[in-house]
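A short write-up of the structure that comes next.
The values are calculated or read from the model by the stated rules, or taken from the named source; none is laboratory data. What you see is a predicted model, and the numbers here were worked out from it, not measured in a lab. Glycine also receives a Cβ, built like all others from the backbone with ideal geometry; neighbour counts cover every protein chain displayed. The accessibility values were calculated without ligands, DNA or RNA, using every heavy atom of the protein model including side chains. Shrake-Rupley method; radii C 1.70, N 1.55, O 1.52, S 1.80 Å.
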Amino acid sequence: MFHYLWAASMAILNEKNIKDSLGIELVNNLKQSEGIGYYSRFCLNEGIMDARLNSDFKYFFFMPEPDKGFSASLGDLSNIAEVMSVLSNKDSLKILSFMYTRLNTPLSLSLIAARTEIPADRAEKLMKKMCDINIMKCSQIETENGFIMSYTFYNETVVLPVLFMVKEMREDKIINWGVWFDRNKPLF
């Protein structure tokens, strides 16, 4: 499996030395037209791979199956449900979207509330929830007028792929290009 995944990753990264064997020119011409997403998906006993191949936006996700299986490595589902409930809130997504427009520098609650047009008390509750699930990090800054809270991303590179994977779940115009399903055991 791993040599296939390596080859797929090389195609996504446009490595020209495997051009002929993988048809990189074809991959490069998979432009998003009428909202169509082109994907390559492998689901094997050794793990899974999912890649978006559109020439205007590509990504690659590779997850070898852990020795004890996916389910054992996933942990407590109530923790995942807690994260998903925070991410499912539209105001949380507005805050995340605003935070992604900034460098990861400390921001005050008043700035976050003003730029997202979310009332400060509501923004404060959402920021606490995001800190509780390790999406944000909260710090106190002392000023001449007392202490204020500041917020930065804690796991910004983890949240972004999750958002795109959720977007992919909702897409209905999909062409699977390069699919290999050869798994003879359940994922969990």
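Being under 29 Å from Asn176 (Cα atoms), of a type in the set (Gly, Ala, Ser), modelled with pLDDT of 90 or more and assigned to a helix (DSSP H, G or I) holds for only one residue in Ser92, Ser73, Ser78, and it is Ser73. Taken as a whole, the range 97-114 holds at least one residue that is touching a residue at least 60 places away in the same chain (Cβ under 8 Å) and either surrounded by 10 or more Cβ atoms within 10 Å (Cβ to Cβ) or farther than 28 Å from Arg52 by Cβ (or both). The single condition among (1) touching a residue at least 40 places away in the same chain (Cβ under 8 Å); (2) closer than 23 Å to Gly47 by Cβ that Met149 does not satisfy is (2).
Please enumerate the residues belonging to the range 56-73 that are touching a residue at least 60 places away in the same chain (Cβ under 8 Å) and loosely packed, with under 13 Cβ neighbours inside 10 Å. Result: Ser71, single match. Just to verify a result, which residue in the range 150-174, among those that are hydrophobic (A, V, I, L, M, F, W, C) and open to solvent by less than 70 Å² (accessible area, probe 1.4 Å), is modelled with the lowest pLDDT? Residue satisfying both the conditions and the ranking: Ile174. Applying the condition of being within 16 Å of the chain's Cα centre (by Cα) and not β-branched (Val, Ile, Thr) to the range 131-149 and asking which residue is surrounded by the fewest Cβ atoms within 10 Å (Cβ to Cβ) yields Asn134. Quick test of your reading of the structure: Leu53 fulfils all but one of (1) open to solvent by less than 40 Å² (accessible area, probe 1.4 Å); (2) at pLDDT 90 or above; (3) within 19 Å of the chain's Cα centre (by Cα); (4) of a type outside the set (S, T, N, Q). Name the failing condition by number. Result: Leu53 fails condition (2) only.
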